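Student: Structure in C-alpha cells, see below.
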Amino acid sequence: MIGDVIARDPRARKRLGIWAKDENFWVRRTALLAEHDALRAGGGDFALWSRLAGSMLHEREFFIRKAIGWVLREVSKKRPDLTYAFLRKHRDRASRLSLLEGAKYLPAAQRKALGLPGEAAWVAREAKRKGSGRP
C-alpha cells in the first residue's frame, strides 16, 4: 500500500527515513519494502533504498535481514550491477541471509567475487531434481 502512496506522491519518500529509525521493526521493514515493486520493475529510488538498508545491516531481526535480501534479489533480475555493487560494498556487514538471498540471481562471476559458490544452491537443487546436472 505504501508503494502506491509513494508512486502517486514522491514527497512521501521523506517519511521512509523516519520509519527506518522507528522502534518497531515492522515499521522499519515497511521502510525497506516501500519501493519493492518500483525497484523490481526497474524504477524506484535505489540510492535512497541503499541508504535505508545500509543503516539496518546491523539488525539481528530475521524479517529485516530477509527484506534486505528480498529487495536485492528482485533488483538483481533487471539491474544486477546495482545489487552486486551494494553487496560488494557491504559484504562484511551484510548478514548471511541478506547476502545469499540478494545474490541468488547474480551471474556466477559476481557470486564468486562475493565469496559465494558460482551457482546458487537452488540452481544445483533444481538440476539434481531434473536429473540433468544443469537446469
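Student: Being among the small types (Gly, Ala, Ser), farther than 27 Å from residue 120 by Cβ and touching a residue at least 24 places away in the same chain (Cβ under 8 Å) is the requirement here; does residue 69 meet it? Please lay out each step first, then the result.
Tutor: Working: among the small types (Gly, Ala, Ser): yes; farther than 27 Å from residue 120 by Cβ: no; touching a residue at least 24 places away in the same chain (Cβ under 8 Å): yes.
Here the answer is no, as residue 69 does not meet what is asked.
Student: Now for a separate question. So residue 57 ticks every box in (1) loosely packed, with under 14 Cβ neighbours inside 10 Å; (2) assigned to a loop (DSSP other than H, G, I, E, B); (3) at pLDDT 95 or above but one. Which box is left unticked?
Tutor: Of the numbered conditions (1) loosely packed, with under 14 Cβ neighbours inside 10 Å; (2) assigned to a loop (DSSP other than H, G, I, E, B); (3) at pLDDT 95 or above, the odd one out for residue 57 is (1).
Student: Moving on. Just one of (1) exposed (fewer than 15 other Cβ atoms within 10 Å of the Cβ); (2) in contact with a helix residue (DSSP H, G or I) (Cβ under 8 Å, 6 or more places away or on another chain) trips up residue 112, so point out which.
Tutor: All conditions pass for residue 112, except number (2).
Results for (1) of a type in the set (Ser, Thr, Tyr); (2) in a helix (DSSP H, G or I); (3) touching a helix residue (DSSP H, G or I) at 6+ places or on another chain (Cβ under 6 Å); (4) at pLDDT 90 or above, shown as yes or no for each residue.
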residue: 22; (1), (2), (3), (4): no, no, yes, yes
residue: 49; (1), (2), (3), (4): no, yes, no, yes
residue: 63; (1), (2), (3), (4): no, yes, yes, yes
residue: 71; (1), (2), (3), (4): no, yes, yes, yes
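Student: Here's a follow-up. Which pairs have Cβ atoms under 6 Å, sit 6 or more apart or on different chains, and link a residue in the range 31-58 that is of a type in the set (Val, Ile, Thr) to one that is part of a loop (DSSP other than H, G, I, E, B) and surrounded by fewer than 17 Cβ atoms within 10 Å (Cβ to Cβ)?
Tutor: Matching pairs, first to second residue: none at all.
Student: Only residues that are under 16 Å from residue 47 (Cβ atoms) and buried (at least 19 other Cβ atoms within 10 Å of the Cβ): list them for the range 60-82, please.
Tutor: If the condition is that a residue be under 16 Å from residue 47 (Cβ atoms) and buried (at least 19 other Cβ atoms within 10 Å of the Cβ), then 68, 71, 72, 75 are the ones that fit.
Student: Starting from residues that are β-branched (Val, Ile, Thr) and either without any contact (Cβ under 8 Å) to a residue 24 or more places away in the chain or in contact with a Leu (Cβ under 6 Å, 6 or more places away or on another chain) (or both), keep the ones in the range 16-30 and report whichever is surrounded by the fewest Cβ atoms within 10 Å (Cβ to Cβ).
Tutor: Filtering the range 16-30 for residues that are β-branched (Val, Ile, Thr) and either without any contact (Cβ under 8 Å) to a residue 24 or more places away in the chain or in contact with a Leu (Cβ under 6 Å, 6 or more places away or on another chain) (or both), the one surrounded by the fewest Cβ atoms within 10 Å (Cβ to Cβ) comes out as 18.
Student: Residue 76: closer than 19 Å to residue 115 by Cα and out of contact with any Asp or Glu (no Cβ under 9 Å at 6 or more places or on another chain), yes or no?
Tutor: Yes.
Student: Restricting attention to the range 24-47, which residues are assigned to a loop (DSSP other than H, G, I, E, B) and either small (Gly, Ala, Ser) or more than 12 Å from the chain's Cα centre (by Cα) (or both)?
Tutor: 24, 34, 41, 42, 43, 44, 45, listed by residue number.
The values are calculated or read from the model by the stated rules, or taken from the named source; none is laboratory data. Source: prediction; values computed, not measured. Cβ: placed from backbone, ideal geometry, glycine included. Neighbour counts: every protein chain shown.
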